[in-house]
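K.L.:
Quick one: the structure is below, and I'll ask about it shortly.
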Amino acid sequence: MKKTIAKILSLVVLATMAIPNIAKAAPPPETSEVIMTEEELASHNLSIGVISWNDDIYSGEITVQPLSNGKYSVKKEEFYKLNDMVGAFGNNTKAKKEAAKNAAKNDFRGIRSYAQSKGWWDCQWKIKSTSKTKVTATAKIEFKSVTMDRNSQSITIKQTTVKKNGKWTTTYTVNGKKTSVSALKKLFV
């Protein structure tokens, strides 16, 4: 009986040691919940219901539910798709490509967050190519208007993240022109 228990415990220990090396780890979900008025919902391009997204950076959703007295509950939950086990891969090509992807994702997070704060909820950020020192990605960010007095719009952004002298730098291109982050943010009106 003791040998059987010892064997089972050995298998459990081996399995728990192997799981982190098999599965990609990810940070916990980012969650928030606020109460808004109808005017605040309109200024954030929200209405009652669920908006969900899933691309190479995030999967998540925002849920708006009515409360009493003209107030609305707004719950947001996002899962950031960062591979935080890059170091477990060692210093090989796969690890360097994963580190490059992480650098590109991190550089775009602020832009995406800013766009969402202005009501541009639908963002599809996709990696087009990856090497150890360069990542190209494209983001199509859409403003799907929930009010009758606005039109839906979209902006396509090409992102190039390159490692030079040990540091990652990112450039953004919109309509064939390189654009600074501040100029890019002005597009989300």
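The values are calculated or read from the model by the stated rules, or taken from the named source; none is laboratory data. Note that the coordinates shown come from a computational prediction; the quantities given were computed from them, not determined experimentally. Every residue, glycine among them, receives a Cβ derived from its backbone with ideal geometry; neighbour counts consider all protein chains shown. Keep in mind that these areas ignore ligands, DNA and RNA; they rest on the heavy atoms of the full protein, side chains included. Shrake-Rupley method; radii C 1.70, N 1.55, O 1.52, S 1.80 Å.
K.L.:
What spacing in nm lies between the two simple spin-label points modelled at R109 and K71, each 7 Å away from Cα in the Cβ direction?
P.N.:
For R109 paired with K71, the spin-label model returns 3.1 nm.
K.L.:
If you average the sequence gap of Cα pairs under 8 Å that are 6 or more apart and divide by the length of the stretch 131-171, what percent do you get for the contact order?
P.N.:
40
K.L.:
What is the spread of the Cα atoms of the stretch 133-173 along each of their three principal axes, largest first, in whole Å?
P.N.:
Result, largest extent first: 50, 13, 12 Å.
K.L.:
If I take every Cα pair under 8 Å that is 6 or more residues apart in the stretch 94-189, average their sequence separation and divide by the length, what percent do I get for the relative contact order?
P.N.:
Taking the mean separation of contacting Cα pairs over the length of the stretch 94-189, I get 23 percent.
K.L.:
Now, a different point. Of K94/K178; K75/K167; K105/K178, which pairs sit farther than 28 Å apart, going by alpha carbon to alpha carbon?
P.N.:
As for pairs spanning more than 28 Å Cα to Cα, those are K94/K178; K75/K167.
K.L.:
Still on this structure, I have one more. Counting only heavy atoms of the protein chains, get the accessible area per residue of the stretch 93-152 (1.4 Å probe) and round it to a whole Å² value.
P.N.:
Per residue, the stretch 93-152 has an accessible area of 49 Å².
K.L.:
Once neighbouring chains are kept in place and the probe is 1.4 Å, which whole percent of the accessible area of the stretch 46-157 is contributed by carbon and sulfur?
P.N.:
Result for the stretch 46-157: 47 percent of the exposed heavy-atom area is carbon or sulfur.
K.L.:
Ok, one more. For the stretch 33-89, what are Rg and Dmax over the alpha carbons, in angstrom?
P.N.:
Radius of gyration, then largest Cα-Cα span, for the stretch 33-89: 15.4, 54 Å.
K.L.:
Here's something else I'd like to know. Less than 13 Å Cβ to Cβ from G70, Lys/Arg counted +1 and Asp/Glu -1: what total charge do the surrounding residues give?
P.N.:
Net charge in that neighbourhood comes out at -2.
K.L.:
I would also like to ask the following. Computed from the mean reciprocal separation of all distinct C-alpha pairs, what Kirkwood hydrodynamic radius does the stretch 30-189 have, in Å?
P.N.:
In the stretch 30-189 this quantity evaluates to 17.1 Å.
K.L.:
Same structure again: For the stretch 111-154 and the stretch 45-104, what is the separation of their C-alpha centers, rounded to whole Å?
P.N.:
Value for the Cα centre distance between the two parts: 13 Å.
K.L.:
Which value in Å is the Kirkwood Rh of the stretch 110-166 over different Cα pairs?
P.N.:
Computed over Cα pairs of the stretch 110-166, the Kirkwood hydrodynamic radius comes out at 12.8 Å.
K.L.:
For the stretch 73-168, compute Rg over Rh where Rg is the Cα radius of gyration and Rh is the Kirkwood radius from the inverse mean 1/r over Cα pairs.
P.N.:
Rounded to two decimals, Rg/Rh equals 1.07.
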